[in-house]
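Chemist: Can you read through this structure? Questions will come right after.
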Protein chains: 2
Amino acid sequence: MARWAEDARGRLAASALELFAERGFAATTVDEVAAAAGVTQRTFFRHFRDKEEVLFADDDRLLQVLLDGVGRAEGEDAEADLGHALAVVSAELEPRREQLRRRAGVIATDVALTGRELAKQAGWTAAVAQVLQERGYPGTQADLMAQVGFAVFRNAMDRWLSQSDGPPLAAHVEQCRADVGAAFRSR
Amino acid sequence: MARWAEDARGRLAASALELFAERGFAATTVDEVAAAAGVTQRTFFRHFRDKEEVLFADDDRLLQVLLDGVGRAEGEDAEADLGHALAVVSAELEPRREQLRRRAGVIATDVALTGRELAKQAGWTAAVAQVLQERGYPGTQADLMAQVGFAVFRNAMDRWLSQSDGPPLAAHVEQCRADVGAAFRSR
DNA sequence: GCAGTGATGTCAGTTGCTGACGCAAGGGGT
DNA sequence: ACCCCTTGCGTCAGCAACTGACATCACTGC
């Protein structure tokens with residue numbers, strides 16, 4: 001038998017989301033989260049570099065999905081390739097709407113958390129732009145498309161999370177892409 | 001004669017930017033910033049709600065400029081109105097390129113600072129979207145245009161700050177708007 | 001067996017941040 | 001002149017976030 005219960009990291013993440021949703025992020029101490037997971041505060045900070053990071057822990061896996069999606073696109077143009085990748089990510093997120101809504105609710109209550117999420121997405125933006133460049137698109141276009149693409153995705157995500165039984169995320173993404181196209185077509 | 005030297009807030013902001021740029025954000029304590037400004041740590045936190053906020057103090061004035069810019073646009077369409085407002089803001093920022101570059105350098109070294117800036121801009125996005133709605137544009141279009149508009153602006157800002165003597169910020173903004181139009185035209 | 005590894009506990013310390021209270025200059029009213 | 005209120009700051013005590021150093025002990029490979 002192991003000396004400690006397994007997956008302390010997973011228990012910490014679960015306890016954190018529950019306590020944050022119940023009592024609020026600021027009103028919950030790391031000590032309480034750690035105690036709920038059956039470990040020490042010090043162990044919490046070994047797994048997550050700060051109190052906020054526990055809410056963004058599994059985002060790295062999602063970034064990989066996103067980059068793979070870009071890599072497997074057909075190479076039509078930068079916007080279309082990114083659209084394909086966003087569709088793949090949308091499919092990945094589709095079954096987790098309630099969990100994501102819960103998480104979004106916690107994040108929306110705190111400016112620092114909102115910022116952390118946006119910073120993480122900005123990092124993704126840079127990564128996507130680099131992959132687009134490697135696929136042969138010019139750098140300026142890659143940067144711009146990555147940033148605009150994420151603006152579109154955030155917007156679609158907001159719409160998706162705002163309803164419990166509306167269209168799937170991918171449909172919102174498609175709608176937003178079409179809207180942007182329409183808005184800029186007259187230029 | 002006053003009991004204390006005037007403009008403690010201004011001295012704090014100046015000392016903070018200098019020390020952050022010199023030693024790094026994390027390696028500078030609030031005590032040091034306060035001492036450099038000739039006040040106490042407690043006074044620092046009376047003027048700025050936390051250590052980060054001192055870098056974003058005068059952003060609120062800029063938001064007002066932005067909203068006024070939208071309000072004074074011609075009411076052509078949402079994208080054009082926002083474009084007009086961004087041009088006004090660009091003119092306001094044009095003479096401060098070096099100071100903004102210095103500030104951007106500090107912010108880029110710290111994830112939390114990056115997030116704080118993005119969160120602040122997200123707040124602006126919401127405010128702009130509301131003004132656009134009040135001008136009669138449908139809500140979904142207003143949200144989307146505000147988010148995409150800021151993606152465009154951030155991108156233009158990056159390009160502008162990356163060179164010391166390139167085109168003015170407003171020119172970069174126009175270029176980015178045209179690029180987005182071209183990328184989505186084929187849809 | 002036995003040394004090495006890895007995840008955790010323990011403890012002490014620094015820093016960010018807040019509440020409560022006190023202090024003194026300036027500005028009003030009477 | 002007198003009083004009172006406001007303003008801007010200092011002082012002190014205390015909590016919570018975070019970190020470094022070191023100890024512990026099941027497990028692993030030899």
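Read-outs: derived from the displayed coordinates by stated rules, not from any lab. These figures come from a predicted structure and were not determined experimentally. Positions of Cβ are generated from backbone atoms using ideal geometry, with glycine treated the same way; all protein chains shown enter the neighbour counts.
Chemist: Could you list log10 I(q)/I(0) for the range B:137-187 at q = 0.17, 0.18, 0.27 Å⁻¹, which the Debye formula gives when each Cα is one point scatterer?
Modeler: Listed by q, the Debye log ratios stand at -0.57, -0.63, -1.00.
Chemist: Return the average number of partner chain Cβ atoms within 10 angstrom of each residue Cβ along peptide A:138-150.
Modeler: Mean shielding by partner chains, rounded to a whole number: 5.
Chemist: To continue, here is another question. Could you rank the peptides B:5-11, B:119-125, B:30-36 by their average count of other C-beta atoms within 10 Å per residue, with the highest value first?
Modeler: B:119-125, B:30-36, B:5-11
Chemist: Where Lys and Arg each count +1 and Asp and Glu each count -1, what net charge lies around residue A:41 among other residues with Cβ under 11 Å from its Cβ?
Modeler: Here the charged neighbours net out to +1.
Chemist: Rounded to the nearest 0.05, what FRET efficiency do residue A:178 and residue B:5 have when you use their Cβ-Cβ distance and R0 = 56 Å?
Modeler: The pair residue A:178/residue B:5 has a calculated efficiency of 0.45.
Chemist: By the gyration tensor of its Cα atoms, with a ≥ b ≥ c the square roots of the eigenvalues, what is the shape of the range B:33-100: rounded for a/c under 1.5, prolate for a/b over b/c, or oblate?
Modeler: Prolate is the answer for the range B:33-100, as a/c is 1.5 or above and a/b outweighs b/c.
Chemist: I need the inter-copy label distances for residue A:99: point set 7 Å along Cα to C-beta, values in nm with one decimal, smallest first.
Modeler: 4.7
Chemist: Along Cα→Cβ at 7 Å, what distances in nm separate the residue A:138 label point from those on the other copies, shortest first?
Modeler: 3.4
Chemist: Still on this structure, I have one more. Output needed: percent of Cα pairs per 10 Å distance bin for chain A, bins running from 0 to the one holding the longest distance.
Modeler: Spelled out per bin, shortest first, that is 9, 31, 31, 20, 8, 1, 0.
Chemist: Stokes-Einstein at 20 °C, 1.002 mPa s, Kirkwood radius from Cα pairs: D for the range A:75-134 in µm² s⁻¹?
Modeler: Answer from the Stokes-Einstein relation: 161 µm²/s.
Chemist: Across 10 Å bins from 0, what is the distribution of all Cα-Cα pair distances for the range B:98-159, in whole percents?
Modeler: Per 10 Å bin, starting at 0, the Cα pair percentages come out as 22, 42, 25, 11, 0.
Chemist: Enumerate the calculated ³J(HN,Hα) couplings along the range B:150-158 in order (Karplus 6.51 cos²θ - 1.76 cosθ + 1.60, θ = phi - 60°), each rounded to whole Hz, writing x wherever the residue is Gly or Pro.
Modeler: Rounded to whole hertz, the list is 6, 4, 4, 5, 4, 4, 5, 4, 4.
Chemist: Here's a follow-up. How many nanometers, to one decimal and shortest first, lie between the label point of residue A:65 and those of its other copies, if labels sit 7 Å from Cα toward Cβ?
Modeler: 4.1
Chemist: Would you mind giving the mean number of other chain beta-carbons within 10 Å of the Cβ of each residue in B:116-122, as a whole number?
Modeler: Partner Cβ neighbours, averaged per residue: 6.
Chemist: To the nearest 10 degrees, how steeply does helix B:111-134 sit against the main Cα axis of chain B, on a 0 to 90 scale?
Modeler: 40
Chemist: Would you mind getting me the FRET efficiency between residue A:102 and residue B:49? Use the beta-carbon distance for r and R0 = 41 Å, nearest 0.05.
Modeler: Computed FRET efficiency for residue A:102 and residue B:49: 0.90.
Chemist: Quick one, can you get me the convex hull of the C-alpha atoms of the protein assembly as shown expressed as volume per residue in Å³?
Modeler: 179
Chemist: Then there's this: Calculate for chain A the 222 nm mean residue ellipticity that helices alone would give, adding -39,500 (n - 2.57) per DSSP H run of length 4 or more and normalising by residue count, nearest 500 deg cm²/dmol.
Modeler: The helix-only estimate for chain A comes to -24000 deg cm²/dmol at 222 nm.
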